[in-house]
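Just so you know, all these numbers are worked out from the coordinates, no wet-lab data involved. Bear in mind that the values here come from a model prediction, so they are computed numbers and not experimental data. All Cβ positions, glycine included, derive from the backbone under ideal geometry; neighbour counts span all protein chains shown.
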Amino acid sequence: MYAETKHEHFLAFNCVQRAHQNVVENLPVFLSLLFASVYRPLAAAIAGLIRVLGFVAYVHFYSSGDPAKRQYGSFGNIGMLIMLGLTFEAAYRLISA
């Protein structure tokens with residue numbers, strides 16, 4: 001799955017591969033939280049945009065070949081936390097209705 005260390009660009013390829021895997025692994029959680037935030041669609045859309053921009057920054061900086069730069073995309077976690085809060089609000093409203 002990863003490039004062999006003998007190849008000239010193995011580190012860059014492996015960084016791109018890992019960034020892709022991370023996005024694919026986080027996508028179901030992201031979509032579930034986004035769709036569960038039904039009571040505040042504008043806030044959910046803004047939080048989703050923050051998360052997507054975080055994904056883009058994460059992949060861009062991680063793909064540069066320096067794995068330490070992937071931290072620049074971590075601001076997208078703020079969007080994920082907002083969506084998590086909106087999901088808890090939706091669950092509370094559904095339970096108390």
Checklist entry - One-quarter of the Cα convex hull surface for the chain, in nm²? => result 6.5 nm²
Checklist outcome for this item: Sparse-neighbourhood loop hits (chymotrypsin sites (Phe, Trp or Tyr not before Pro), the stretch 43-97; DSSP loop; Cβ within 10 Å at most 15 others) -> 75
Next on the checklist: Could you check the spin-label model distance between residue 40 and residue 27? Points 7 Å from the Cα along Cα→Cβ, value in nm.
Outcome noted: 2.8 nm
Checklist entry - Between residue 56 and residue 84, how many nm apart are label points set 7 Å from Cα along the C-beta direction? => result 2.4 nm
Checklist entry - For the chain, what is the mean residue ellipticity at 222 nm derived from helices alone (per DSSP H run of n ≥ 4: -39500 (n - 2.57); sum divided by total residues; nearest 500 deg cm²/dmol)? => result -25500 deg cm²/dmol
